[in-house]
Every structure is written in structure tokens, then in C-alpha cells.
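Reviewing the structure listed below.
The values are calculated or read from the model by the stated rules, or taken from the named source; none is laboratory data. Keep in mind that what you see is a predicted model, and the values were worked out from it rather than measured. Glycine also receives a Cβ, built like all others from the backbone with ideal geometry; neighbour counts cover every protein chain displayed. Only protein heavy atoms, including side chains, enter the accessible area calculation; ligands, DNA and RNA are left aside. Shrake-Rupley method; radii C 1.70, N 1.55, O 1.52, S 1.80 Å.
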Amino acid sequence: MSICDIGIPDLSLRHLKAALYVARDKSVTRAANKLNRSQTAITKAINDLEAQLGVPLFDRSATGMLPTAHGAAMVARVALAEAEFAAAEKAYRNFIQKPPGNNPVFSLEISYKRLAAFIALYESGDINVAAGMLGVTRAAVYNSTRQLEDLLEITLFEREPNGFAPTSYSNVLARHIKLAFSQIRHGLDDLANLSGITRGSVAIGTLPYTRTILTPRAIILLLNDHPQLDVSTREGPYSILEASLRNGDLDFIIGALRTAHSPPDLRTEILFHDRLSIIARKGHPLANCRGLSLHQLTDHQWVLPGRNTPSRQLFDEILCHHGLAAPQHCVETSSLSTLRGLLLESDRIALLSEHQIYYDNQYGLLTALPIELKDSYRPIGVTMRAHTTPSPAAALFLNHLRNVAAEPDSPASKIENGYRTLSPLPG
């Protein structure tokens, strides 16, 4: 494993900062003055960066230095990375309650290898694992972290019996550093895209609703067009996925939206609204009963989503509207495979979307009971960072996701009639 494998590109932050200042001032001289470095040092930094990236970042002329298309794309991402370091500095100033001065940790004057050691120890909590992640010695990780603490004059990790635990400010610093380096990674993808090469990766957090058809279809369509891209999905509780989205480990979260939970650093996009159903195994005693009501079902054994999920909150509101008590001693799970086993091996009933059991219905395993849950619509969509432009690969995936949601046989168009006629994936 290398530094790049933990999401930190092998690029000098000082070189990137030099390119940013030259682009802003359109002059090596003015950039050198602002950075308190020699013109020769700035010129060398730009030349070394262009050689490493393999593209010209500036057009040189007698009147100054103008960014090329590649240069403009790269420095735009570096500016966003710089803003993340500035946000970390603001939080640091509030944390220590005194002006920090011109600290190299926040000014892109620090070695990316030192930051990589910090992130590796932060992620692993174990100095041996961190050293293995970076391919360096334990001493190198320890020394880099201590140097960072000396520069900040605070403790970043507390030693515990099982390893190293981050302090409160360490959590803040790690989030902004990871976001900063995600911008630089996206900048590299932008350069490749301008050169006619679509490359990069997409990291998707998936909530239960979208794991059956919506997300898989969008991934397949994306890779049909761009097989060179890398795609990963991560499953888990919304709170864990949201934390990963905030620190740049995920590009999107796809699923039922938390409309009552809308922090300013995240934004949502509704793809469609979906309705919940009551699901049981094929051949269930209630499967052919017409005129079912919720009153007849409350005494049954239930499998329900967790209490903090939008679908469970909707269900509780429906029960309250009908004056019904919540089912007692139900099984709570977000795992479709666990739910499938519970339903197939018993007469339990579950709260789910028909979209989620499309394949189970197609192969004669599960079905929706003949009862309509009015007012059970919830918005399905995408949650993303509010102030971040997606990478080229992530933008392509988002377009495919929107197209899948808008197709004539999409979940949005099948709410009224179920999903029994959903056509196979094209191609």
C-alpha cells in the first residue's frame, strides 16, 4: 500500500500553492513576492509540477503567465483544497482561543507525507498498521505525527490500551485534510478528462431502498460506457455514511432522503417519491385476502426498519393516524437478506417498498399484501456535499442515476401499479 492508496496524491503542496498564486496574479514575480520565495523557486516549482502532471499549466508570454485549460482546471481544485485548510485553521483558532499565526499546517507549506502519516494513524488507530499502510517504519509515522503536534501545539492522539484515539480537534483536522486531498484527486481526474481520458473512481453510499435496482442499474450503465472507471459501494447506517460523505470518502448517498435533517454543508436532490407496502412470502395466509386493513395486521409478527429511518417514522405516523399501537416485539433490520430469510421461514410480515423485492417477486418468493398504505410516500434521492463539484467520474454516474430514475419503467413510474412489469436491464 502507498500514500496514494489512502487518498493522498503524490504531489507537493508547495508546488500546487505556487501554481495557484501564479494563476491568481498571472505573474511569477507577484506570486514570489506574496509567497516570500524567489522567482527561481516559483519557476522551478511550476516546471516540476508540469513535468509530473504531463501537461502545460501556463502559457508564458512577455505580459505574464496565463493558465491553460488544464491549468485553470487544476488551480480551481487547489483553491477548493486551500479553502478546506482555511476551514481547519478557523476551527483551530476557535479551539486554542488565540491567533495561530502563519502556521504551515494550514498554508499548504507542509509535506503531504507528514499529513499522510496523520491520516493513516487516524484511520487505523494503530501505529503498526499505519506504517504498513504507507510502507514506512513505525518511527516515521510517530515522528511525522509528533512534528504535526509540535507545529499545532496540541495533542492529536491519546494513547489507549488498544491503540491511538483521536482528540476532538483531530477529528476536525482529519475531515478537512481528507476533503482537501479529495479535491486534488478530482483535479487530476479533471486534467485527464480534458485530455480526452475519462478516469477516476466513484464511491457510493447506499441505503436499503436503492440496493436492488436503482444503484446497480446506474453502475452497469456507467461501466458499459466507461469500463475503465472504478466503482465502490458502502453500506451501513445513515449516520456512518453521512460522516464518510462529509470527509470525502464518499461521493454520494443514495436512498430515502432525510428531509428533516438538512445541514448546510450537504444538499439533496429528489429523484422521485416512492410508496411503502406490506410484504410477505408467496402463499402467505393473507396474500389473497381482499379488504385487508391495518387493524387486522397489528397483532401479526412484524419485521420493521430501524426507528430512526424515514420509512419507520412514516409507518409510526400512519399507525398514530389510525389510532393503532405500534407492533410489539418486532424484528428490526435494514438487511434485505435477513428480512428475506425471516419472511420465507415464517408468516411474518414486513414494511418495505415493492421496488426492493422486485426480484423476489419475479421469482415467486415474496409479494405485497393487498392493502394500500396511504400517505406512505417518501422522497428517494441523492445526498451530496453542498460546496463540492463532483469529479468527472462521479458526475457521469449521477447523470446515469438520473436517467435510470426517469426511465418509463423506473420506480417513479411504477408506484401505482407495482413493479411486476419492470423490464430487464437493456444491453
Of everything in segment 42-62, what is without any contact (Cβ under 8 Å) to a residue 12 or more places away in the chain and either farther than 13 Å from residue 27 by Cα or surrounded by fewer than 12 Cβ atoms within 10 Å (Cβ to Cβ) (or both)? Give them in sequence order.
44, 47, 50, 51, 54, 59, 61, 62
What do you reckon, is residue 77 among the charged types (D, E, K, R) and open to solvent by less than 20 Å² (accessible area, probe 1.4 Å)?
yes
Unmet requirement for residue 73, which otherwise passes all of (1) within 33 Å of the chain's Cα centre (by Cα); (2) assigned to a strand (DSSP E or B)
(2)
Any chance you could count how many residues in segment 314-327 are touching a strand residue (DSSP E or B) at 6+ places or on another chain (Cβ under 9 Å) and either small (Gly, Ala, Ser) or loosely packed, with under 14 Cβ neighbours inside 10 Å (or both)?
1
Residues of segment 144-162 being in contact (Cβ under 8 Å) with a residue 24 or more places away in the chain and out of contact with any Leu (no Cβ under 9 Å at 6 or more places or on another chain), which ones?
147, 151, 153, 154, 162
Filter segment 364-401 for residues that are part of a loop (DSSP other than H, G, I, E, B) and charged (D, E, K, R); which is most open to solvent (accessible area, probe 1.4 Å)?
374
Going through 90, 98 one at a time, which residue ends up being open to solvent by 20 Å² or more (accessible area, probe 1.4 Å), charged (D, E, K, R), without any contact (Cβ under 8 Å) to a residue 24 or more places away in the chain and part of a loop (DSSP other than H, G, I, E, B)?
98
State the number of residues belonging to segment 336-358 that are in a loop (DSSP other than H, G, I, E, B), out of contact with any strand residue (DSSP E or B) (no Cβ under 6 Å at 6 or more places or on another chain) and in contact (Cβ under 8 Å) with a residue 40 or more places away in the chain.
2
If residue 328 satisfies every condition in (1) over 17 Å from residue 206 (Cβ atoms); (2) modelled with pLDDT of 90 or more; (3) not aliphatic (A, V, I, L, M) but one, which is the exception?
(2)
Restricting attention to strands (runs of 3 or more DSSP E) lying wholly within segment 149-266, give those where 3 or more residues are at pLDDT 95 or above and open to solvent by less than 20 Å² (accessible area, probe 1.4 Å).
201-206, 252-256
Test for residue 246: is it in contact with an Asp or Glu (Cβ under 8 Å, 6 or more places away or on another chain) and without any contact (Cβ under 8 Å) to a residue 60 or more places away in the chain:
no
Which of the residues that make up segment 118-137 are open to solvent by less than 50 Å² (accessible area, probe 1.4 Å), in a helix (DSSP H, G or I), under 16 Å from residue 158 (Cα atoms) and not hydroxyl-bearing (Ser, Thr, Tyr)?
118, 119, 120, 121, 127, 130
Consider residue 338 against the criteria (1) under 19 Å from residue 370 (Cα atoms); (2) modelled with pLDDT of 90 or more; (3) of a type in the set (S, T, N, Q): it satisfies all of them except one. Which criterion is unmet?
(1)
The listed residue being touching a residue at least 12 places away in the same chain (Cβ under 8 Å), more than 22 Å from residue 104 (Cα to Cα) and not small (Gly, Ala, Ser), out of 166, 208
208
Just to be sure before I move on: is residue 26 open to solvent by 20 Å² or more (accessible area, probe 1.4 Å) and touching a residue at least 40 places away in the same chain (Cβ under 8 Å) in the structure I sent?
yes
Given (1) under 16 Å from the mean Cα position of the chain (by Cα); (2) farther than 30 Å from residue 145 by Cβ, where does residue 205 come up short, assuming only one miss?
(2)
